[in-house]
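To start, the structure itself, in structure tokens.
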């Protein structure tokens, strides 16, 4: 290689279902000489097509997309395009999301409200073959690993009820199926939210669907 030959910029693809977010990211990243935003995608199908045609070095991928979410898409990329690095971008600082993203094959996880300098630093680290997590997330992951993932701390009954919630059953329907009172089921639901560090019912249902036993 000629030492005077200019270094080619790293080719990036942005995957987010909000055009305004992509516009903001593009503006930030195109100001960096060593980056080239080669393409944008608003959903999983577009992202897979771009990856196949553009062969980028890195994909900056949103977690909370409609349809196939970013974590599931990271798993698809890990299987189909092992040479493409994936960096997750999310508004959620939930350790469970981070852990699932890493398990799916992502090399890093950075928060959307991070300064542009941190997002750039995260991309550089992942391109260099390292992992990167927004400040505080790495330590929280180590702590979570030490005490076991929340889902692993559930009792067999709680796991049954979590699966029932994933099926869309109401507390009354779960009570009938499990031979419990509705009040007991409601108590289990409260315990599930406490153990899983989840606040709302919608978030509990989402977690149940994502972690349903096959």
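The values are calculated or read from the model by the stated rules, or taken from the named source; none is laboratory data. Since the model is a prediction, treat every value here as computed from it, not as a measurement. Neighbour counts are summed over all protein chains in view; Cβ atoms, including those assigned to glycine, are modelled from backbone coordinates with ideal geometry.
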Query raised in the report: Within the range 100-122, can you find the residues that are surrounded by fewer than 19 Cβ atoms within 10 Å (Cβ to Cβ), modelled with pLDDT under 90 and not in a loop (DSSP other than H, G, I, E, B)?
Result: 102, 103
Requested in this report: Among the residues of the range 42-68, count how many are part of a loop (DSSP other than H, G, I, E, B), under 17 Å from the mean Cα position of the chain (by Cα) and more than 12 Å from residue 106 (Cβ to Cβ).
Outcome: 7
Query raised in the report: In this structure, is residue 77 surrounded by fewer than 22 Cβ atoms within 10 Å (Cβ to Cβ), closer than 21 Å to residue 128 by Cα and touching a helix residue (DSSP H, G or I) at 6+ places or on another chain (Cβ under 7 Å)?
Result: no
Query raised in the report: Do we find that residue 208 is modelled with pLDDT of 90 or more, part of a helix (DSSP H, G or I) and either assigned by TED's automatic domain parsing to the domain that holds residue 94 or surrounded by 12 or more Cβ atoms within 10 Å (Cβ to Cβ) (or both) in this structure?
Result: no
Query - Matching option when the condition is modelled with pLDDT under 90, closer than 30 Å to residue 29 by Cβ and part of a helix (DSSP H, G or I), among 139, 144, 125, 202 - result: 139
Requested in this report: Quickly run through the range 156-198 and pick out the residues that are closer than 18 Å to residue 96 by Cβ and either in the same structural domain as residue 99 (by TED's automatic domain parsing) or not in a helix (DSSP H, G or I) (or both).
Outcome: 197, 198
Query raised in the report: Are any residues in the range 11-31 farther than 20 Å from residue 91 by Cβ, surrounded by 15 or more Cβ atoms within 10 Å (Cβ to Cβ) and modelled with pLDDT under 95, and if so, which ones?
Result: none
